[in-house]
Amino acid sequence: MEIKKMQGIIEAILFTMGDSVELSRIASAIEHDEETTRKLIHNMMDRYKKEDRGIQILEMDDSFQMCTKKNAYEYLIRIAKQPKRYVLTDVMLEALSIVAYKQPVTRLEIDKIRGVKTDHAVNKLIEYGLIEEVGRLDAPGRPIQFGTTQEFFRRFGLQSLDELPTLDEEQIAHFKEEAEDEAQLQLDI
């Protein structure tokens, strides 16, 4: 294996592992002896320093770790302090709507209403702080029940759930018709 490829593999290992990795494990992964592996890593360390890269490889006893250079911390803090922008997909909005209107509701109930699994959407809504666990259903397995959070109210400019839009009977009939048509299409496929 050529040197650049081995160094690329070492770089991938150190980046992915995050913590320090023993020299013996790295050597084993690239199928070389420890002395050769150490030389490869030291060459990488020298190259990073010469190129004034934002990352460095640190050596600790017989382990190596990839980390950020100290002079980059100020910029990392700026990024970390910026508020995250969350994008709500259609699937996530549908799941959130179900939680808002039917709370407390279990994941299984959300799946049943949507007709598909919503694990990812529910997990993202929890991560974004829009829904949270509000209890457990008194049933076998004691499934988690979800409800909206204060962050949900802030994001959507609501004071209470009473401010959620209501549907008139004509809209409900139209939505039922669309759902039945969509269900029939699924059966035909």
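The values are calculated or read from the model by the stated rules, or taken from the named source; none is laboratory data. Predicted, not measured: the structure shown is a model, and the values here were computed from it. All Cβ positions, even for glycine, are placed from backbone atoms using ideal geometry, and neighbour counts span all protein chains on display. These area figures cover heavy atoms from the full protein model, side chains too; ligands, DNA and RNA do not enter into them. Shrake-Rupley method; radii C 1.70, N 1.55, O 1.52, S 1.80 Å.
Of the residues L125, L88, L161, the one that moves most in a GNM of the chain with alpha-carbon contacts below 10 Å is L161. Three semi-axes describe the equivalent ellipsoid of region 110-189; taken as square roots of 5 times the Cα gyration tensor eigenvalues and ordered largest first, they are 27, 21, 13 Å.
Gaussian network model of the chain, Cα springs within a sub-10 Å range: biggest mean-square fluctuation belongs to which of A100, A80, A29? So, out of A100, A80, A29, the one fluctuating most is A29.
Could you work out the longest stretch of the chain that avoids the GluC sites (Glu not before Pro) located in DSSP loops with at most 15 other Cβ atoms within 10 Å?
With GluC sites (Glu not before Pro) excluded where exposed in loops, the chain gives 52-189 as its longest stretch.
Measuring nothing but protein heavy atoms, the accessible surface of the chain at 1.4 Å probe radius is 52 percent carbon and sulfur. Region 105-143 and region 1-75 have their alpha-carbon centroids 42 Å apart. With a Förster radius of 41 Å applied to the beta-carbon distance between N71 and E163, the computed FRET efficiency rounds to 0.25. Per residue, the accessible area of region 76-118 comes to 76 Å² when a 1.4 Å probe rolls over the protein heavy atoms.
Principal-axis analysis of the Cα atoms of the chain puts helix 90-102 at an angle of about 50° to the longest axis. Normalised by the number of residues in the chain, the mean separation of alpha-carbon contacts (under 8 Å, six or more apart) gives a relative contact order of 13 percent. With mean projected area of the Cα convex hull in nm² in mind, check [x] 12.6; [y] 10.9; [z] 19.1 and report the label derived from this structure. Label [z] holds the value from this structure.
The simple Förster model, with R0 at 45 Å and r as the Cβ-Cβ distance, assigns E59 and E151 a FRET efficiency of 0.55.
Show me the chymotrypsin sites (Phe, Trp or Tyr not before Pro) within region 82-189 that DSSP assigns to loop and that have at most 13 other Cβ atoms within 10 Å of their Cβ. Please report the intermediate quantities before stating the final value.
Details: sites: Y86, Y101, Y128, F146, F152, F153, F156, F175; in loops: Y86, Y128.
Counting only loop positions with at most 13 other Cβ atoms within 10 Å, the chymotrypsin sites (Phe, Trp or Tyr not before Pro) in region 82-189 are Y86.
FRET efficiency for the N123 to Q171 pair, using the beta carbon distance and R₀ = 25 Å, is estimated at 0.25.
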